[in-house]
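Here the structure is laid out as C-alpha cells; the discussion comes afterwards.
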Amino acid sequence: MSARTLSVGVDMDALRHYLRIHGQAGAGAADEGGVEGAVDEGALDAAWAVALDRFLELFGALGLPATFYCVAEDLARSPACRPALARALAAGHEVGNHSWRHPYALTRLPDPALRAEVLEGKRRLEEALSVEVAGFRAPGYHTSPRAQRAALDAGHRYESSAFPCAPYYVAKGLVLALMRLRGRRSESIMASPRLLLAPRAPYLASPADPYARATAAEVAAGGALRHFPISVHAGAPLIGTAFTALGPRLSALLCAAARRRQAHLTLELHAVDLLSLTEDALDPRLAAQPDLRASLSRKRASLEAALSAAAHGAEPLTLTALARRLA
Ligand SMILES: [Zn+2]
C-alpha cells in the first residue's frame, strides 16, 4: 500500500452561482440592486451539459477517481444533471453533498435552515441516485461548529470544506471590498480568520471548532468529524483557478513540490475549470469571472499537468475510501 495518496474533487457549481458572487443575479437569496436580468437556466446549464463530461474524459485518461460535489436543487433545475451524475457513478466516481441550494452564508443561517440545507442536500442526492453520499463540502470554502454538527448528524463520513490559504483569504477580502466600493453586493461572505489555523493534513475535528483537532475525549464521545482540508503548498492553493493562472509548467512544479512534502493531497476543482466564455458561448455577464476567459486548451493542459504531478508515486482514491481507511 502506498503511503502517499491523492484525492480530487470537483464542485459542480452551476453558472448562476457566479452571477450571484458578482452581484449580477436575482437567483437564489434575496437581492437588492445589481440585478441586470433574469437568470436563463438553459444558458447557464453548461456545468452539467458540457463540463462534467470533460472531467470524465480527463479523469479517465489519468486513471483518477473523483468526488463530484453537487448542489441538490440542480436535480430539479437542470435536465442534464441526473444523467450526467449517472455517467460519473458508472465511471467509478463518487458524489458528495454541496448543500441543497448553495447558500453562500450557510454558516449564518438560523439552525433549522442550516440543518435543512445540509440534510436535504444529502437526502435528495441519495434518493435520486440510489447511492450513499458520504462527503460534505460547504459552499464558499468555510464551515462552522453548527454546520459541522449538521453534517455529522445527517450521517456524513467526512467534510472537506477547510481551505487554510492566507493569500486566497486576503484576495477574497479585497475583491469583496472593491465590489462594495463599486456599489455591487456579492452573496459571498468572509469566513472567520480562524480557518487559517486549520491543520494542513487530514484530521478529526473538534465539535467546538471545525478548524482544530478533536481531543481524545471528543473522539471517544463520537462528536468528531473527519476533515480533509483543501491542499495548500507554500501559500499556493492546489485548486483549478490557480492551475489555470499558472499554466501547465508551473502547475506541475507546484504539485510536484507539494507531493514531496505532503503524504496526502486534496485537489479542488470547479465546473468552470473546463468551461470557456467564448468557446462555449456562455452568458456574457460571466466575463466578470476571470478564469472563464482562459482558453479551453490552456485549462485542460494545466489541469492535466497538475493532476499528473500530484498523482506521481501516489495512490489515487476517493475521500470516502480514504475516510474508511483512516476510521
Ligand atoms: Zn460551491
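The values are calculated or read from the model by the stated rules, or taken from the named source; none is laboratory data. What you are looking at is a predicted structure, and each value in this text was computed from that prediction instead of being measured. Using ideal geometry, Cβ is built from the backbone for each residue, glycine included, and neighbour counts are taken over all protein chains shown.
Some values worked out for this structure:
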| quantity | calculated |
| --- | --- |
| Pairs where the first residue, in region 54-69, is of a type in the set (D, E, K, R) and the second is assigned to a helix (DSSP H, G or I), C-beta under 6 Å, 6+ apart | Arg54/Leu274 |
| Residue within region 129-136 that is touching a residue at least 60 places away in the same chain (Cβ under 8 Å) and within 18 Å of Ala208 (Cα to Cα) present | no |
| The one condition in (1) modelled with pLDDT under 95; (2) over 19 Å from Leu267 (Cα atoms) that Arg101 fails to fulfil | (1) |
| Tabulated pairs, region 89-107, first over 16 Å from Gln148 (Cα atoms), second of a type in the set (A, V, I, L, M) and within 11 Å of the ligand (Cβ to nearest atom), C-beta under 8 angstrom, 6+ apart or interchain | Arg101/Val71 |
| Matching residues, region 59-76, being buried (at least 21 other Cβ atoms within 10 Å of the Cβ) and not in a helix (DSSP H, G or I) | Leu64, Ala66, Thr67, Phe68, Tyr69, Cys70, Val71, Ala72 |
| Qualifying residues in region 52-97 (those that are touching a helix residue (DSSP H, G or I) at 6+ places or on another chain (Cβ under 6 Å) and acidic (Asp, Glu)) - the one nearest to the ligand (Cβ to nearest atom) | Asp74 |
| Count of residues meeting criterion [assigned to a helix (DSSP H, G or I), crowded, with 17+ Cβ neighbours inside 10 Å and among the aliphatic types (A, V, I, L, M)] in region 289-298 | 1 |
| Search result, residues across region 195-212 that are part of a strand (DSSP E or B) and in contact (Cβ under 8 Å) with a residue 24 or more places away in the chain | Tyr203, Ala205, Asp209, Pro210, Tyr211 |
| Residue that is farthest from Pro229 (Cα to Cα) [pool: residues in region 159-173 that are assigned to a helix (DSSP H, G or I) and within 16 Å of the ligand (Cβ to nearest atom)] | Lys172 |
| Matching residues in region 105-158 - criterion: being within 15 Å of the ligand (Cβ to nearest atom) and not aliphatic (A, V, I, L, M) | Thr107, Glu117, Gly121, Gly135, Phe136, Arg137, Pro139, Gly140, Tyr141, His142, Thr143 |
| Yes/no for Leu56 being touching a Cys at 6+ places or on another chain (Cβ under 7 Å) and either buried (at least 22 other Cβ atoms within 10 Å of the Cβ) or of a type outside the set (Asp, Glu) (or both) | no |
| Condition check for Arg324: crowded, with 16+ Cβ neighbours inside 10 Å, of a type outside the set (A, V, I, L, M), in contact (Cβ under 8 Å) with a residue 24 or more places away in the chain and not in a loop (DSSP other than H, G, I, E, B) | no |
| Residue within region 174-189 that is assigned to a helix (DSSP H, G or I), under 16 Å from the mean Cα position of the chain (by Cα) and of a type in the set (Lys, Arg) present | no |
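Yes/no matrix, rows are residues, columns are (1) out of contact with any His (no Cβ under 9 Å at 6 or more places or on another chain); (2) in contact (Cβ under 8 Å) with a residue 60 or more places away in the chain:
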{"position": "Glu279", "(1), (2)": "yes, no"}
{"position": "Lys299", "(1), (2)": "yes, no"}
{"position": "Glu315", "(1), (2)": "yes, yes"}
{"position": "Thr318", "(1), (2)": "no, yes"}
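So that you can scan it fast, the table gives a plain yes or no per residue for (1) within 18 Å of Leu275 (Cα to Cα); (2) at pLDDT below 80; (3) assigned to a loop (DSSP other than H, G, I, E, B); (4) within 15 Å of the ligand (Cβ to nearest atom):
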site: Gly9; (1), (2), (3), (4): yes, no, no, yes
site: Leu19; (1), (2), (3), (4): yes, no, no, yes
site: Gln24; (1), (2), (3), (4): no, yes, yes, no
site: Ala27; (1), (2), (3), (4): no, yes, yes, yes
site: Asp31; (1), (2), (3), (4): no, yes, yes, no
site: Gly34; (1), (2), (3), (4): no, yes, yes, no
site: Gly37; (1), (2), (3), (4): no, yes, yes, no
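One line per residue, one yes/no per condition, for (1) away from the ligand (no atom under 16 Å from the Cβ); (2) touching an Asp or Glu at 6+ places or on another chain (Cβ under 8 Å):
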site: Gly235; (1), (2): yes, no
site: Ala252; (1), (2): yes, no
site: Arg260; (1), (2): yes, no
site: His270; (1), (2): no, yes
site: Leu292; (1), (2): no, no
site: Ala314; (1), (2): yes, no
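So that you can scan it fast, the table gives a plain yes or no per residue for (1) in a loop (DSSP other than H, G, I, E, B); (2) surrounded by fewer than 21 Cβ atoms within 10 Å (Cβ to Cβ):
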site: Arg260; (1), (2): no, yes
site: Thr266; (1), (2): no, no
site: Asp280; (1), (2): yes, yes
site: Arg300; (1), (2): no, yes
site: Glu304; (1), (2): no, yes
site: Leu307; (1), (2): no, no
